[in-house]
Amino acid sequence: MFAQKPGLIARCVDMCDVQTVIRSATDTRILTAIRCGGHSLAGFSSCDNGLVIDLSRMREVTVDPDARRARVAGGCLLGSIDTATQKAGLVFPSGVVSHTGAAGLILGGGTGWLTRRFGLSCDNVEAFTLVTADGSVVRASATENVDLFWALRGGGGNFGVVTEFELKLHPLTSVVLAEGLTPEGHIRQLLQCWRDFMHDAPFDLKWNLDLRLAPHKQKVPEPLRGQPVAGSSLVWTGAPEDAQPYFERALSLCHSDSVRSRNLSFLDLQTMADSDFPHGRRYYTKSGYFQYLDDATIDRFIEALATIPSPETQIELTYLGGAAGQVAAHETAFGDRSAPFITNLLANWPDASADALHISWVRSLFDRLRPAMTPGVYVNFMSGDEQERVPEAYQQRWERMVLVKTKYDPDNFFRLNQNVQPHKRG
Ligand SMILES: Cc1cc2nc3c(=O)[nH]c(=O)nc-3n(C[C@H](O)[C@H](O)[C@H](O)COP(=O)(O)OP(=O)(O)OC[C@H]3O[C@@H](n4cnc5c(N)ncnc54)[C@H](O)[C@@H]3O)c2cc1C
C-alpha cells in the first residue's frame with residue numbers, strides 16, 4: 001500500500017554506521033525513515049525522496065543461557081530472536097508473525113501468545129542502546145536515563161534508532177494449542193462466554209478470537225465453508241495435563257468437527273500464522289480497548305460480519321490481563337492496561353481496486369464501536385491516517401512524553417512514526 005521511492009537507502013551494519021548516517025542526515029535536514037522489519041501498518045518504514053535507515057543487516061542475537069538474557073541488534077526479526085533463544089530452551093514474549101521486526105514491535109509495546117504469561121515485549125526489556133538525533137549513543141535502563149527508559153517502552157520510534165535491546169528471557173519450549181470454529185448462530189453466546197470466562201482465567205491461558213468467513217479448506221467442516229464464523233485459538237503455557245478443563249469449556253460452542261488440539265513446539269507456534277500475512281498484500285487497521293464487552297457491542301460485531309468484504313479480513317479480539325495487566329499505568333509509556341478487551345479490525349486484501357471497499361468497512365465499523373470504547377489505543381495497531389489519536393494513546397502520560405521527546409529530539413528529526421511533537425524551541 002505504500003509504494004514509496006526514497007532517494008537514498010543507508011544499509012547500516014553497526015552502531016557507528018547509524019551514527020554517521022544520522023549526523024549527515026540532521027545536517028542536511030533530509031526526511032528520514034527507520035526500517036527494521038518493514039511491517040509498519042501505517043507505512044512509516046519508507047518515504048518519498050528522503051532517506052531510509054535500513055537495519056536489516058543488523059540481526060545479531062547473543063544469548064546468555066545462565067543469566068536468561070539476550071542482546072538483540074536493532075534490525076532483528078522476531079524469528080531471529082526465537083531461533084536463537086530456543087537453542088537454550090528460552091523465549092522472549094513477542095508477536096505472532098515471525099517476519100515482523102522486533103524493534104518496531106517492542107518499542108510500541110508488543111503483544112502475542114505469551115503476553116498473559118510473561119507480559120508485553122516492552123515489559124521484558126532490561127536496557128536499550130540508541131543513537132539519538134545529535135548522533136550520541138545513549139543507554140537507557142532502570143538506572144540510566146530513566147525518563148528515556150520509561151518512554152521507550154511504548155513510545156515507538158520517537159526518540160532515536162535503537163541499535164541494541166537487552167532482553168529478559170523465560171524457560172519454555174512447547175505449548176498446547178486448541179482451535180475450533182463457532183457457527184454464526186452461536187457467536188453471540190460464545191462472545192458472552194469468553195467475556196465472562198477470561199476475567200478469572202489463569203495466566204497460562206491465552207484465548208484469541210477472530211470473526212471472519214471460514215476458509216474453503218479441507219480441515220473446515222463442509223457446512224461452515226465460506227460462512228461467517230468465530231475462530232477460537234487457545235494457547236496453554238502451563239503443564240499440558242492441566243489444560244483440558246479450560247479447553248473443554250472454551251470450545252463447547254464450536255462445531256465438533258472443527259475442534260482440534262495438539263502439543264506444539266514454540267517455534268511452530270511462532271510461525272504458524274506467517275503464511276496468512278504474506279508480504280505484498282494490502283492491510284488497513286483500526287483498533288481500540290473496551291473495559292467491558294456489553295451485549296450491544298457484541299451485536300455490532302456480529303452485524304458487521306454480514307458485510308465483511310473479503311475472506312482474509314477479520315475482527316480480532318484479544319484479552320490482555322495476566323502478567324501484562326499487573327504493570328501499573330505510570331510504569332511505562334505504554335500505559336493503562338486496565339481495559340482488558342482489545343479489538344483490532346484488520347482488513348487484508350490483494351488488489352488496489354478493493355482499497356476503498358476495505359478501508360470504508362473498517363472505518364464505518366470503528367465509528368459504530370467507538371462510543372462504547374475506553375479511550376486509548378495501541379500505537380502498533382494504528383494506521384497512518386490517525387495522527388490525531390496519538391495523544392489518546394498516551395492520555396495522562398502525554399505531557400511526560402512530550403518532555404522526553406523535547407529533551408532527546410527537539411527538532412523532531414524522528415517524525416515518521418505515531419508522532420509525539422516536541423515543545424517549540426524558545
Ligand atoms: C503481519 C503483521 C503482524 C503483526 N503482528 C503483531 C503482533 O502479533 N503483536 C504486535 O504487538 N504487533 C503486531 N504487528 C504490528 C507491529 O508491531 C508493528 O507494525 C511494528 O511497527 C512492526 O515493526 P517493524 O520493525 O516490522 O516495522 P518497521 O516498519 O520496520 O518499523 C516501524 C516503525 O518502528 C520504528 N522503528 C523500527 N525499528 C527501529 C529501531 N531500531 N529504532 C527505533 N525505531 C525503530 C520506526 O518508527 C518505524 O517507522 C503486526 C504487523 C503486521 C504487519
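The values are calculated or read from the model by the stated rules, or taken from the named source; none is laboratory data. Computed from a predicted model, the values in this text were never measured in an experiment. We place every Cβ from the backbone using ideal geometry, glycine too, and count neighbours over all the protein chains shown.
Could you tell me which residue of region 394-410 is surrounded by the fewest Cβ atoms within 10 Å (Cβ to Cβ), considering only residues that are more than 16 Å from Gly135 (Cα to Cα) and basic (Lys, Arg)?
Keep residues of region 394-410 that are more than 16 Å from Gly135 (Cα to Cα), which gives 394-404.
Next cut, basic (Lys, Arg) only: 397, 400.
Working: Arg397: 22, Arg400: 16.
Among residues in region 394-410 that are more than 16 Å from Gly135 (Cα to Cα) and basic (Lys, Arg), the one surrounded by the fewest Cβ atoms within 10 Å (Cβ to Cβ) is Arg400.
When region 58-71 is examined, which residues are found to be among the basic types (Lys, Arg) and either part of a strand (DSSP E or B) or free of Cβ contacts under 8 Å to residues at least 12 places away in the same chain (or both)?
Step one: of region 58-71, the residues among the basic types (Lys, Arg) are 59, 68-69, 71.
Those that are among the basic types (Lys, Arg) and either part of a strand (DSSP E or B) or free of Cβ contacts under 8 Å to residues at least 12 places away in the same chain (or both): Arg69, Arg71.
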- Query: Do we find that Asp27 is more than 11 Å from the ligand (Cβ to nearest atom) and under 30 Å from Phe341 (Cα atoms) in this structure?
  - Reply: no
- Message: Test of understanding: among Val176, Val138, Val162, which residue is touching a Pro at 6+ places or on another chain (Cβ under 6 Å) and either in contact (Cβ under 8 Å) with a residue 12 or more places away in the chain or among the acidic types (Asp, Glu) (or both)?
- Response: Val176
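Being of a type outside the set (A, V, I, L, M, F, W, C) and within 12 Å of the ligand (Cβ to nearest atom) is the filter here, so list the residues in region 377-407 that pass it. Step through it out loud before you land on a result.
Step one: of region 377-407, the residues of a type outside the set (A, V, I, L, M, F, W, C) are 378, 380, 383-389, 391-392, 394-397, 399-400, 405-407.
Tyr378, Asn380, Ser383, Gly384, listed by residue number.
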- Query: Among Ala84, Ala88, which is within 16 Å of Glu164 (Cα to Cα) and at pLDDT 95 or above?
  - Reply: Ala84
- Taking only pairs six or more apart or across chains, which ones have beta-carbon atoms under 9 Å, a first residue in region 287-301 that is farther than 17 Å from Ile187 by Cβ, and a second residue that is among the acidic types (Asp, Glu) and at pLDDT 95 or above? Ser287/Glu316
- Task: Taking Ala25 as the residue in question, decide whether it is aliphatic (A, V, I, L, M), closer than 26 Å to Gly110 by Cβ and touching a residue at least 40 places away in the same chain (Cβ under 8 Å).
- Result: no
- Taking region 38-57 and the residues there that are modelled with pLDDT of 95 or more and in contact with a helix residue (DSSP H, G or I) (Cβ under 8 Å, 6 or more places away or on another chain), the one that is farthest from Phe165 (Cα to Cα) would be Leu51
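Any residue at all in region 81-100 that is near the ligand (Cβ under 6 Å from one of its atoms), of a type in the set (Phe, Trp, Tyr) and assigned to a loop (DSSP other than H, G, I, E, B)?
Quick first cut of region 81-100, residues near the ligand (Cβ under 6 Å from one of its atoms) only: 95-97, 100.
Filter once more, keeping what is of a type in the set (Phe, Trp, Tyr): none.
No - not one qualifying residue is present in region 81-100.
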- Message: Taking the criterion of being modelled with pLDDT of 95 or more, under 21 Å from Phe334 (Cα atoms), of a type in the set (A, V, I, L, M) and touching a Lys or Arg at 6+ places or on another chain (Cβ under 8 Å), would at least one residue in region 161-168 satisfy it?
- Response: yes
- Query: Here are some conditions: (1) more than 16 Å from the ligand (Cβ to nearest atom); (2) touching a Phe, Trp or Tyr at 6+ places or on another chain (Cβ under 9 Å). Lys286 meets all but one. Which one does it not meet?
  - Reply: (1)
- Task: Could you tell me which of the residues Leu51, Leu55, Leu105, Leu41 is surrounded by 18 or more Cβ atoms within 10 Å (Cβ to Cβ) and either more than 8 Å from the ligand (Cβ to nearest atom) or free of Cβ contacts under 8 Å to residues at least 40 places away in the same chain (or both)?
- Result: Leu51
- Message: Could you list, ordered by first residue, the pairs with Cβ atoms under 6 Å in which the first is in region 266-282 and surrounded by fewer than 16 Cβ atoms within 10 Å (Cβ to Cβ) and the second is of a type in the set (A, V, I, L, M) and assigned to a loop (DSSP other than H, G, I, E, B), at least 6 apart or interchain?
- Response: Ala273/Val96; Ala273/Val97; Asp274/Val97
- Query: Only one residue in Glu164, Glu144 is more than 10 Å from the ligand (Cβ to nearest atom) and of a type outside the set (Val, Ile, Thr), so which one is that?
  - Reply: Glu144
- Residues satisfying the stated conditions in region 151-161, i.e. more than 7 Å from the ligand (Cβ to nearest atom) and in contact with a Gly (Cβ under 7 Å, 6 or more places away or on another chain): Gly154
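Which residues, taken from region 371-391, are among the charged types (D, E, K, R), surrounded by 16 or more Cβ atoms within 10 Å (Cβ to Cβ) and either part of a helix (DSSP H, G or I) or free of Cβ contacts under 8 Å to residues at least 12 places away in the same chain (or both)? Steps first, answer last, please.
Let us first name the residues in region 371-391 that are among the charged types (D, E, K, R), namely 385-386, 388-389.
In the following step, the residues that additionally are surrounded by 16 or more Cβ atoms within 10 Å (Cβ to Cβ) were identified as 386, 389.
Selection gives Arg389 alone.
Enumerate the helices (runs of 4 or more DSSP H) found wholly within region 114-233, keeping only those where 3 or more residues are surrounded by fewer than 20 Cβ atoms within 10 Å (Cβ to Cβ). Working first, answer last.
Values: elements: 115-118, 146-152, 187-198.
Passing ranges, in order: 187-198.
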